[in-house]
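Structure, as structure tokens:
The values are calculated or read from the model by the stated rules, or taken from the named source; none is laboratory data. All values derive from a computational prediction rather than experimental measurement. When we count neighbours, we look across all protein chains shown, and the Cβ atoms used for this are built from the backbone with ideal geometry, even at glycine. Quick note on the areas: whole protein, heavy atoms, side chains included, nothing else; ligands and nucleic acids left out. Shrake-Rupley method; radii C 1.70, N 1.55, O 1.52, S 1.80 Å.
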Amino acid sequence: MAETMVRMGELAASAVAGDVLVSLGLGSCIGLALLDRRAGVAGLAHVVLPASGGNAAPGSWKFADLAVPELIDRVVKFGARRPMLEAVLVGGASMFSVSKSSLEVGQRNEAAVRELLRAARINVIATETGGSRGRTIRVYVGSHKVTVREAGGVEKVLVAGATRLAA
Amino acid sequence: MSRYTDTQLDALRELANIGSGTASTALSSMLGRSVDISVPSAFVMPMAEAVGTIGDPESEATGVVLGIVGEMPGSVLLLFTPKDAELMCGLLGVEAGSEFGESALMEIGNIVGASYINALGQMIGMELEPTPPAAATDMLGTIVETVLAERAGAGDVALLLDSDLVVEGEDCSVSFLLVPDQGGVDQMLERLGV
């Protein structure tokens, strides 16, 4: 079982059953998982900020407006079918209660990702967002279990790991 | 990959050194103990790598963050491990993990961070002001990530100036990070003439 770390501004996709895509300690960032549960393909993006304003360096996926379309492309390349894609959102917390700007970043990240998914007609099937706690997301490729864990907590199942659905 | 020269990094380390020297004096008078500082390290690295460099992202930590407003925007982050938080609170006579514990750490952060920011401003001749502190106890990665995220708009490279303040005889330290906005680093170097 290979764990792939998806760090700030990175994204990854896989069609190999047994692979696990992980983002550790999401705060105001969003961990966006895209799943095609029938094709057995999953992807994960670690979104840092809502909008690039058109001046991001090439190959940088920290902005929602660039990361969401890129993640869709990646999972489709691995054999996912676009109409079958489903999304899971984790993160978007406001970590520092006094700091107004980090509150805004978390909320704005979630709003931006949701809007982009809506425009791409992708349903959000589970979320664990907002609040003031950091979270780790794990996406189990193949079984399509998605879990979330808070600091000092246990791994909680967000999307039940089913055996592959019959086509 | 570094966009800064060795001379520039040396200059930044020296800034951090003087800033944390002033900060250690503030901490020392607060705790009534002498406080040593470590030689600061300057890290320039892709943002994605920065979190893991500071420590195990899933380990627990308390972070106190102060924003810098003025001519060089940025953030100052103080990090306490649970053990350091407990020792530090013990020195101040409050219970770690309680409401008073977190507010005591926030006050340490406020005094230490503000003196660091003032020293920095004086050295480079800039008007810098600290914003009020905010604290969180959570995964280390979450705290660092959230502070970096606020400063991530301009570039994908993070500059971290990291120094440790060590309380004498207590095996207790605070890790100290300065995270300037990218444009701010260039301004700072320009003022220093390197």
Task: Distance (nanometres) between label positions extended 7 Å along Cα→Cβ at B:Glu14 and B:Lys83 - done: 3.5
Open item on the list: How large a share of the accessible area of chain A, in percent, is made up of carbon and sulfur atoms when the probe is 1.4 Å and the other protein chains stay in place?
Closed with: 52
Task: HN-Hα J in Hz across the stretch A:14-31 - Karplus 6.51, -1.76, 1.60, θ = phi - 60°, x for Gly and Pro - done: 7, 10, 9, 4, x, 5, 10, 9, 10, 10, 8, x, 5, x, 6, 6, 10, x
Task: Area projected by the alpha carbon convex hull of the protein assembly as shown, averaged over all directions, nm² - done: 17.7
Open item on the list: For A:Asn123, project a label point 7 Å along Cα to C-beta. Then give me every residue of the stretch A:80-95 with its amide nitrogen under 11 Å of that point.
Closed with: A:84-87
- [ ] Compute from the Cα atoms of the stretch B:1-116 the Rg and the Dmax, the latter being the longest Cα-Cα distance, and quote both in angstrom.
- [x] 15.6, 47
TODO: Mind pulling up the Rg/Rh value for chain B? Radius of gyration and Kirkwood radius, both on Cα.
DONE: 0.95
Open item on the list: Along the Cα→Cβ direction, 7 angstrom out, place labels at B:Gln122 and A:Val157. What is the inter-label distance in nm?
Closed with: 6.1
TODO: Starting at the first residue of the stretch B:184-192, write each ³J(HN,Hα) from the Karplus equation 6.51 cos²θ - 1.76 cosθ + 1.60 with θ = phi - 60°, in whole Hz, x for Gly and Pro.
DONE: x, 5, 4, 4, 4, 5, 5, 4, 7
Task: Where N is the number of residues in the stretch A:3-159, Cα Rg divided by 2.2 N^0.38 Å - done: 0.95
Open item on the list: I'd like the Kirkwood hydrodynamic radius of the stretch B:18-67, using the inverse of the mean 1/r over distinct C-alpha pairs, in Å.
Closed with: 13.6
Open item on the list: Could you check the spin-label model distance between B:Ile111 and A:Glu3? Points 7 Å from the Cα along Cα→Cβ, value in nm.
Closed with: 4.0
Task: At R0 = 30 Å, FRET efficiency that the Cβ-Cβ distance of B:Arg33 and A:Ala51 yields, to 0.05 - done: 0.05
Open item on the list: So with the 1.4 Å probe, I'd like the accessible area per residue for the protein assembly as shown, rounded to whole Å².
Closed with: 40
Task: Where B:Glu107, B:Glu145 fall by accessible area, highest first, once all protein chains stay in place (1.4 Å) - done: B:Glu107, B:Glu145
Open item on the list: Restricting to DSSP H runs of at least four residues, report the calculated mean residue ellipticity at 222 nm for chain B, -39500 (n - 2.57) per run over all residues, nearest 500 deg cm²/dmol.
Closed with: -16000 deg cm²/dmol
TODO: Among the aspartates and glutamates, select those whose C-alpha is under 14 Å from the C-alpha of A:Lys62, and discard any that sit fewer than 8 residues away in the same chain.
DONE: A:Glu10, A:Glu70, A:Glu110, B:Glu49, B:Glu145, B:Glu150, B:Asp156
Open item on the list: Tell me the total accessible area that A and B bury against each other, 1.4 angstrom probe, in square angstrom rounded to 100.
Closed with: 2300
